[in-house]
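Trainee: Before I ask anything, here is the structure I am working with.
The values are calculated or read from the model by the stated rules, or taken from the named source; none is laboratory data. Everything quoted here is computed from the prediction, not taken from an experiment. Ideal geometry is used to build each Cβ from the backbone, glycine not excepted, and the neighbour counts take in all protein chains shown.
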Amino acid sequence: MNFELSPEQQLIQDSVARFIDDNYALEARQKLVATKTGFSAKYWSTMAELGWLGLTVPENLGGFGGDQVDTMLVMEQFGKGLVLEPFVASTVLGTRAVVLGASQQLQAQLLPGLLDGSRQLALAYAEEQAHFDLEDIVTHAKIDGTNFILNGHKSMVQHGASATQLVVSARTSGGQADTAGITLMLVDTDSEGIKIAGFPTVDGQQAAEVTFDNVRVPKSHLLGSVNEGFDLLMQLAVDGILALSAEAVGAMEVLYKDTVTYTQEREQFGHALSEFQVLQHRMVDMFMEYEQAKSLLYRATLEVAQSGLGALRTVHALKHFVGKIGIMIGENAVQLHGGMGVTEELRIGHYFKRLLVIDALFGNSDYHLQKFAA
Amino acid sequence: MDIDLSSEDLAFRDEVKEFLGSNAYQNGEDYNAWRLNWFKLARDKGGWDVPKWPVAFGGPGWTPTQHYIWEQQTAAAQIPWDLPFGLSMLAPVLMNYASKEQQDRFLPDIRDRKVNWCQGYSEPGAGSDLANLKTKAILCDDGSHYMVTGTKIWTTLAHIADWMFCLVRTNDSGKKQTGITFLLIPMQQDGIEVKPIITLGGAHSVNMVYLNEVKVPVENRIGEQDKAWTYAKGLLQHERTGLAGISRSIVALEKLKKQAMTVKRGNATLMDDPAFRAKVAELEVDLLAVEFTELRSLAAAAGGSDPGPESSILKLKGTEIQQRVQKLTVEAGGIYSAAWGALPVGHKFAKGGMSGYLASRAYTIYGGASEVQKDVIAKNVLGIKKSSS
């Protein structure tokens, strides 16, 4: 048991931290938010050049051969900069789906583009009626010769509008909420019959609504096996939760530290705000819960790296805690910044918004508490 | 980063399990004889009777992982009752600040559990603000002894203690933190009176201790006169680390869940009640987190340094969690939690529940109240300079 980083991990962490320092000041970020795609193609290429897009791709497939711990190190730093590039959508979720589920032939076809950044994936899993249940799927596919015929609607597809392919969960048999009968497939976004409507989310990132109208998907684009896609979907969701939680922990650190700095600079009633004990204790609460979130993040990530879905219960605990504590820290940061806290001018509001969105992705705090207790 | 236990650690865990299993107390055995023998056997294992003592003083020199394994295994097993006052609180002070003669005089008896110690720190006017203490020690003219007069309060087990380690004021001219001295005082002597304080749970464990012109030889002073605040502060950090009780809370929570499953609610049990279940789940998540916070802090201390300010997080979180377990136990007991006295009524676990809960209210007060811990974190960890209220 140890919590030290290997030299390689230290190197990755340092280089991501440097990237954030150099490129992700608030003003520069907000300029990117205002662009059409909502992120920088240049930064995306940089990430590819630095090898981050192949972080968890096995070495024999051209990647770095890392695991969830390596992703955690990257995402924690990304959380400090509120990075906009589709790293979670395309790399943590999409590329992972290809590595875990695609045939060798399909991998050979896709991975070069995924590693150099010319291809970009997104995971289309959410549906309106499903609340947060991954297995509640109405979108359906039936087999017609060498194709699946896909019909239905996917919601809130993160970075769906800029993706070249979507990983789609579809029902191929069974009832609406059965875990059996789910199939994952890779769908080209320029397929006939597909409609993608992009829109921004409240945190300045991008999502899309996607409609499939008799979309033909070659059976060779199958990920995993027919009717048995639920475990793969769950594995992707777990990796997504770990990555977003690491991002959240990075964001929480910025929020509590910014608050400590600000209250020491701002004077009212002839005193620095930080001299008031009632504010000190709130900041201590923020700090302690941040440390607790970090502990759970380490725990869940290390457990998943060791035993995969066997660690699901700890993952539920993590997502519950990160949602609850992220909002608690965000609300307190805003409150302690006073009027300035509710403006777009300071960066804390942007971190708060990201934490709110992270809570809403892959099941919110209450949802995961119920799953944990089940 | 990994959480695998090495093969050495796994072997150690098995060895600990084996030791605890084969030396467990057997019904009918003379408890005290078993207890003293257990410590002797633990000592023969290579310092297992004093896990946290440094190797130089006979400790086992475990890695943080081994300490963690020991905590986990002993929380779930039956081990003899043991008091922290001599072993975990006074001993580190002696090791760091006492003379060789004093170490040789006091440490062996502490290790052999021959002498009961109590802690003379708090006073009616000095609780969380410990430096405000007023108990006066005057060095006599020939320099051979101190005359000590004052009142100590909340002195746990003073009524069975042989000795008290005590903070006294020897100088009140400067800052209140200077002028404090550390004395070791035998309890059985003229001028000392111990009066019980009965706490809300009905228990007698704490006391008032009145000291009236008690004579203490100067060779019972640890370190220098007027300089003991530094020694005392170090001791409080050790005390706070020990108070988190995380492994014990894990065991207690599992017990609570089992108890709640014996409480009927309609056709199901209390554990099927969504509201109760959610409270238990939230508590369990906090425990999963704090358990890993402890591991992180253990790993950080692997170099052998003193527990730092992060130990304050553990005390704060750990004691809150202990209180929440007690609170839920009372909830699970329902109407029977209100019963008092000897007659057995209702669920077996329910009757102890309320007194356990009441006793637990002290957890966030002793060893430095939670609010004081927060002041310490604000200052030492967040780096905030001045406190006003």
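Trainee: Tell me, yes or no, whether the stretch A:264-278 has at least one residue that is of a type in the set (Lys, Arg) and either in a helix (DSSP H, G or I) or surrounded by 20 or more Cβ atoms within 10 Å (Cβ to Cβ) (or both). Give the steps one after another, and end with the answer.
Mentor: Within the stretch A:264-278, the first condition is being of a type in the set (Lys, Arg), and the residues that meet it are A:266.
Checking which are either in a helix (DSSP H, G or I) or surrounded by 20 or more Cβ atoms within 10 Å (Cβ to Cβ) (or both) leaves us with none.
No, there is no match, as no residue in the stretch A:264-278 is of a type in the set (Lys, Arg) and either in a helix (DSSP H, G or I) or surrounded by 20 or more Cβ atoms within 10 Å (Cβ to Cβ) (or both).
Trainee: Ok, one more. Determine if the stretch B:343-356 includes at least one residue that is among the hydroxyl-bearing types (Ser, Thr, Tyr), out of contact with any Phe, Trp or Tyr (no Cβ under 9 Å at 6 or more places or on another chain) and over 25 Å from B:ARG277 (Cβ atoms). Don't jump to the end; show me each part of the working.
Mentor: Just the residues of the stretch B:343-356 that are among the hydroxyl-bearing types (Ser, Thr, Tyr), to begin with: B:355.
Next, from what is left, pick out any that are out of contact with any Phe, Trp or Tyr (no Cβ under 9 Å at 6 or more places or on another chain): none.
Scanning the stretch B:343-356 turns up no residue that is among the hydroxyl-bearing types (Ser, Thr, Tyr), out of contact with any Phe, Trp or Tyr (no Cβ under 9 Å at 6 or more places or on another chain) and over 25 Å from B:ARG277 (Cβ atoms).
Trainee: Here is a further query. Restricted to the stretch B:46-57, and to residues that are within 22 Å of B:TRP34 (Cβ to Cβ) and either acidic (Asp, Glu) or more than 21 Å from the chain's Cα centre (by Cα) (or both), which residue is farthest from the other protein chains (Cβ to nearest Cβ)? Write out each step before concluding.
Mentor: At the first step, the residues of the stretch B:46-57 found to be within 22 Å of B:TRP34 (Cβ to Cβ) are B:46-51.
Subset that is either acidic (Asp, Glu) or more than 21 Å from the chain's Cα centre (by Cα) (or both): B:46, B:49.
Values: B:GLY46: 22, B:ASP49: 25 Å.
Going through the qualifying residues, I end up with B:ASP49.
Trainee: Still on this structure: Kindly list, by first and then second residue, each pair from a residue in the stretch A:1-13 that is within 7 Å of chain B (Cβ to nearest Cβ) to a residue that is loosely packed, with under 12 Cβ neighbours inside 10 Å, limited to pairs with Cβ atoms under 7 Å and residues at least 6 apart or on different chains.
Mentor: Pairs found: A:MET1/B:ASP4.
Trainee: Ok, one more. Does A:MET328 satisfy being within 14 Å of another protein chain (Cβ to nearest Cβ) and surrounded by fewer than 19 Cβ atoms within 10 Å (Cβ to Cβ)?
Mentor: So A:MET328 passes the test.
Trainee: Ok, one more. Is it the case that some residue within the stretch A:228-239 is at pLDDT below 95, closer than 25 Å to B:ILE3 by Cα and of a type in the set (Asp, Glu)? Even if it seems obvious, please write down each step before you answer.
Mentor: Quick first cut of the stretch A:228-239, residues at pLDDT below 95 only: none.
Looking for residues that are at pLDDT below 95, closer than 25 Å to B:ILE3 by Cα and of a type in the set (Asp, Glu), one finds none in the stretch A:228-239, hence no.
Trainee: What are the residues in the stretch B:118-135 that are crowded, with 16+ Cβ neighbours inside 10 Å and more than 17 Å from the chain's Cα centre (by Cα), if any?
Mentor: Matches in the stretch B:118-135: B:GLU123, B:ALA126, B:LEU130, B:ALA131, B:LEU133, B:THR135.
Trainee: Another one. Please pick out the residue among A:ALA293, A:ALA311 that is facing chain B (nearest Cβ under 8 Å), at pLDDT 95 or above, buried (at least 20 other Cβ atoms within 10 Å of the Cβ) and outside any strand (DSSP E or B).
Mentor: When all the criteria are applied, what remains is A:ALA293.
Trainee: Could I ask something else about it? Go through the stretch A:121-149 and count every residue that is crowded, with 24+ Cβ neighbours inside 10 Å and touching an Asp or Glu at 6+ places or on another chain (Cβ under 9 Å).
Mentor: Adding up the residues that qualify gives 1.
Trainee: Then there is this: Could you list all residues from the stretch A:131-183 that are within 30 Å of A:LYS36 (Cβ to Cβ) and of a type in the set (Lys, Arg)?
Mentor: Hit for the stretch A:131-183 is A:LYS154, nothing else.
Trainee: Look through B:TRP154, B:TRP163 and report the one residue that is aromatic (Phe, Trp, Tyr) and touching a Ser or Thr at 6+ places or on another chain (Cβ under 6 Å).
Mentor: When all the criteria are applied, what remains is B:TRP154.
Trainee: Out of all the residues in the stretch A:45-64, is one or more within 14 Å of another protein chain (Cβ to nearest Cβ) and among the aromatic types (Phe, Trp, Tyr)?
Mentor: As a first pass, look at the stretch A:45-64 and keep what is within 14 Å of another protein chain (Cβ to nearest Cβ): none.
Looking for residues that are within 14 Å of another protein chain (Cβ to nearest Cβ) and among the aromatic types (Phe, Trp, Tyr), one finds none in the stretch A:45-64, hence no.
Trainee: Still on this model: If I filter the stretch B:326-341 for residues that are more than 30 Å from A:THR259 (Cα to Cα) and of a type in the set (D, E, K, R), do I get at least one hit?
Mentor: Checked against the condition, which is being more than 30 Å from A:THR259 (Cα to Cα) and of a type in the set (D, E, K, R), the stretch B:326-341 yields at least one hit.
Trainee: Continuing with the same structure: Output yes when any residue across the stretch B:367-381 is more than 14 Å from chain A (Cβ to nearest Cβ) and within 30 Å of A:GLN280 (Cβ to Cβ), and no when none is.
Mentor: Yes - at least one qualifying residue is present in the stretch B:367-381.
Trainee: Here's another thing I want to ask about it. Could we say that B:LYS379 is closer than 21 Å to A:TYR256 by Cα and in contact with an Asp or Glu (Cβ under 9 Å, 6 or more places away or on another chain) here?
Mentor: no
Trainee: Got a number for residues in the stretch A:209-258 being of a type in the set (S, T, N, Q) and under 22 Å from A:THR179 (Cα atoms)?
Mentor: Here the count works out to 3.
Trainee: Among residues belonging to the stretch B:254-293 that are in contact (Cβ under 8 Å) with a residue 40 or more places away in the chain and farther than 16 Å from B:ARG324 by Cα, point out the one that is farthest from the other protein chains (Cβ to nearest Cβ).
Mentor: B:THR262
Trainee: Being more than 12 Å from every other protein chain (Cβ to nearest Cβ), under 30 Å from B:ARG296 (Cβ atoms) and not in a helix (DSSP H, G or I) narrows it down to one residue among A:ASP190, A:ASP203, A:ASP239; which is it?
Mentor: Values: A:ASP190 fails: under 30 Å from B:ARG296 (Cβ atoms); A:ASP239 fails: not in a helix (DSSP H, G or I).
That would be A:ASP203, the only listed residue that is more than 12 Å from every other protein chain (Cβ to nearest Cβ), under 30 Å from B:ARG296 (Cβ atoms) and not in a helix (DSSP H, G or I).
Trainee: Quick one: which residue in B:ILE110, B:ILE79, B:ILE69 is β-branched (Val, Ile, Thr), within 14 Å of chain A (Cβ to nearest Cβ) and under 21 Å from the mean Cα position of the chain (by Cα)?
Mentor: B:ILE69
Trainee: Give the residues of the stretch B:75-111 that are charged (D, E, K, R), within 19 Å of B:TRP38 (Cα to Cα) and modelled with pLDDT of 95 or more, sorted by residue number.
Mentor: Keep residues of the stretch B:75-111 that are charged (D, E, K, R), which gives B:82, B:100-101, B:104-105, B:109, B:111.
Imposing the further condition that a residue be within 19 Å of B:TRP38 (Cα to Cα) reduces the set to B:82, B:109, B:111.
Result: B:ASP109, B:ARG111.
Trainee: Next question, about the same structure. Looking only at the stretch A:20-51, which residues are among the hydrophobic types (A, V, I, L, M, F, W, C) and either over 30 Å from B:ASP2 (Cβ atoms) or under 19 Å from the mean Cα position of the chain (by Cα) (or both)?
Mentor: A:ILE20, A:ALA25, A:LEU26, A:ALA28, A:LEU32, A:VAL33, A:ALA34, A:PHE39, A:ALA41, A:TRP44, A:MET47, A:ALA48
Trainee: Can A:LEU302 be described as within 21 Å of the chain's Cα centre (by Cα), of a type in the set (A, V, I, L, M) and at the interface with another protein chain (Cβ under 9 Å from one of its Cβ atoms)?
Mentor: When the stated conditions are applied, A:LEU302 passes them.
Trainee: Another question about this same structure. Would you confirm, using the coordinates I've provided, whether A:LYS353 is over 28 Å from B:ASP4 (Cβ atoms) and in a helix (DSSP H, G or I)?
Mentor: Against the criterion (over 28 Å from B:ASP4 (Cβ atoms) and in a helix (DSSP H, G or I)), A:LYS353 qualifies.
Per-residue answers, yes or no, for (1) within 15 Å of the chain's Cα centre (by Cα); (2) under 22 Å from A:ALA161 (Cα atoms); (3) not hydrophobic (A, V, I, L, M, F, W, C):
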site: A:VAL99; (1), (2), (3): no, no, no
site: A:SER103; (1), (2), (3): no, no, yes
site: A:ASP116; (1), (2), (3): no, yes, yes
site: A:GLU135; (1), (2), (3): no, no, yes
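Trainee: Something else: Please give the helices (runs of 4 or more DSSP H) falling wholly within the stretch A:25-126 in which 2 or more residues are free of Cβ contacts under 8 Å to residues at least 24 places away in the same chain. Walk me through it before giving the result.
Mentor: Working: elements: A:26-33, A:41-49, A:68-81, A:96-101, A:104-116.
Qualifying helices (runs of 4 or more DSSP H): A:26-33, A:41-49, A:104-116.
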